[in-house]
Structure formats: C-alpha cells, structure tokens
Amino acid sequence: RAKQGGRGRVEVFKPEMHAVLMERLDLEADLRRAIEQDELFLVYQPIVDLATMRPASLEALVRWNHPTRGVLPPSHFIPMAEETGLIASIGRWVVSEAAAAARRWGVSDLGINVNLAVSHLRLPGAADEVAALVREAGVSPERLTVEVTENEIVREHDEALDALFTLRELGMTIAVDDFGTGFSSLRYLRQLPVNAVKVDRSFLADIDLSPEALAFAQSIVGLGTALSLHTVAEGIERPAQLVELQRMGCGYGQGFYLSRPLPEDGVVAWLSSASRAQPGAASLAQPGT
Ligand code: C2E
Ligand code: MG
Ligand code: MG
Ligand code: MG
C-alpha cells in the first residue's frame, strides 16, 4: 500500500507501473549492449553562417536504432544514460565517430559540434580523453565545438569548470546550448571559458509573428554579441524567422528550414549543393529526411 498523498489521494502500486518499471529496466540493459553492438548512429545538422549563408559546422545528434522499437530519439535514452553513468561511454563514442566523419568530409574549415553532458565532463581525465579521441581521428581541435546545456552549467558549473578550461586551452570552442532557458547562468557566462551561445528555439519560435518576441530575441542575441560571443540561432523553421535573425545580426543559424539533420552520406551532397547556391536561404532548404 503506497503512502497517503495530499488532498486525500491514495497511491497504490498498479500493474501498469510495474510494466513501466520493467520496460525501463529492459531499455537500460539494451542500452549497455547498444553501444557495443553498434546500434547507435549519428545524424548531422548543418549550422550556417547567416551573413554569407555558407555552411559553418555540423552538429552531431545521436540516434538509437533499437532492434525491436525502431529508431529512438535522444530524449528516450539520454536521461537514462545520465542516471546510469552510460553517458560517458556514449560521449566518447560520439566524439570519435563525429571526428572521424569530419575527417572523411575532408573540408578543413568545416566545424563539428558534439553535445557532451556535464556528468561526463566532470569525470577525472574526461577532457584529456576527449582531446585524445579527436587527435586519434586526425582532426584539429580547433574544428571541434563542445556544446553543454545551460541548465547543466547552472547546476554543476564547479564540476565542469576544469574540463571546459582544458578543452578551451586546446583550441576547442565551448558553446552554451539552449541558452536563455537557465535564467541564472548570466553570472557564470563571464567566469566560464565559453565562446558561443546557442539561443534556445523557444525564444525564436514567434519572432516573425510578435513584436514582443522579436524584442526579446534581439536582447538575447545582443547580450551574446556584447560579450563577444558567437551567437547561434536554433530552430529556424520559416524564411521570415531567418530574415529577422539576419537583420538583428545573429551570427549563425540552424533549423529545419535550412536543413534537417542528415545521415553522414547526405552531408556530402548537402555541402556541394550549399556551396553552389547563391547567398539566400531558399536554395539551402532541404526536404525532410
Ligand atoms: P540540442 O542539442 O539543442 O539539439 C537540437 C534539437 O532540436 C535536435 O533534436 C534537432 O533535431 C532539433 N531541431 C533542429 N532544428 C529544429 C527545428 O527547426 N525545429 C524543431 N522543432 N526542432 C529542431 P534531437 O536530435 O532530438 O536532440 C534533442 C536533444 O538531445 C539535443 O538538443 C541534445 O541536448 C540532446 N542530444 C542529442 N544528441 C546528443 C548526444 O550525442 N549526446 C548528448 N549528451 N546529448 C545529445
Ligand atoms: Mg546541441
Ligand atoms: Mg541546442
Ligand atoms: Mg535545444
């Protein structure tokens, strides 16, 4: 019999809850195997220089090709990976896989972005390990951007600090992901070795529809610019959003309108069409994958 909740609510352990728990345990065991059995794969979403509309970088985003459940997005397994400590193995795999892909594309001025969890970076030696994996792949550390979410930085900035400084000293770019959602991160921005902010897409969703939303976005981008940080807009879905972001001087952009995340071989084709295209977004738009 479960404990008495507020407002006279009584929680009992229902058979459905047992099913949810068992499913979770299954998935956890599966994830351990997934890493060894090559069930994880990466897709790559372009980041475009908004002044020239040229490709600047590609962000590696992990997927899990589960044998019975099909392709799972990160929201289905990254939180569990963080709780169980599997996140470090995933992070190492992502870094070497993404760096190897960047080398295969062979375009030396094209960046590669990876998302790393603070719970991984705070492990002793994590930064040196990441640097070694990049070196082994034959990629210069200057090409790598490490994205860390603002919420994790706010919660665990002390733990992440050493790792971020090490990676920064090696020449990597450090980007604050989902910028604007952590609210109290402003005071850390100047203490941390951060050189880019990725403005969360929730702040950009309505910029072409509402003057208030536009003013809000302008102030966030302006803050990044005032601190001499690269500014990257997430979640550009419509041409009118792109125009507003270009007008306010946001440096870089990413979103379904510019390109969906692509499989590795789709990147090569996208790069050649993007380099042939005249500046202007329509020619960069890609059908969904
Ligand atoms: P994020 O790093 O902020 O990545 C952006 C997410 O927004 C991606 O979802 C991307 O597919 C999606 N997106 C991009 N453009 C648009 C758009 O125009 N509209 C909309 N509605 N969505 C857009 P995804 O791939 O499902 O990743 C979700 C989150 O999972 C990522 O957010 C990141 O925090 C995390 N993640 C992804 N890959 C990894 C990884 O390899 N390691 C870790 N630790 N986390 C990862
Ligand atoms: Mg990211
Ligand atoms: Mg992001
Ligand atoms: Mg985001």
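What follows draws every value from the coordinates through simple rules; no lab data is involved. What you are looking at is a predicted structure, and each value in this text was computed from that prediction instead of being measured. Note that each Cβ is placed from the backbone with ideal geometry, even for glycine, and that neighbours are counted across all protein chains shown.
Figures for the structure shown
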| quantity | calculated |
| --- | --- |
| Overall dimensions of the chain as given by Cα atoms, namely Rg and Dmax in Å | 20.3, 67 |
| Ellipsoid semi-axes in whole angstrom, largest first, where each is sqrt(5λ) of the Cα gyration tensor of the range 30-123 | 26, 15, 13 |
| Proximal charge balance of Gly255 [Cβ under 13 Å; K/R count +1, D/E count -1] | -2 |
| Descending Cα extents along the principal axes, the range 1-160, whole Å | 62, 37, 35 |
| Antiparallel DSSP beta bridges within the chain, percent to nearest 5 | 45 percent |
| The range 28-169: antiparallel DSSP beta bridges as a percent of all, rounded to 5 | 65 percent |
| Kirkwood Rh in Å, taken over the range 134-272 so that all alpha-carbon pairs contribute | 16.1 Å |
| Positive-pole candidate from Gly182, Val139, Leu229, dipole of the chain, charges at beta carbon | Gly182 |
| Quarter of Cα convex hull surface for the range 114-194, i.e. mean projection, nm² | 4.7 nm² |
| Convex hull per residue volume in Å³, alpha carbons only, for the range 197-275 | 94 Å³ |
| MRE, 222 nm, helices only [DSSP H, n ≥ 4, -39500 (n - 2.57), over the chain, to nearest 500] | -13500 deg cm²/dmol |
| Local net charge near Val176, Cβ-Cβ under 15 Å (Lys/Arg +1, Asp/Glu -1) | -3 |
| Net charge over other residues, Cβ less than 12 angstrom from the Cβ of His120 (K, R count +1; D, E count -1) | -3 |
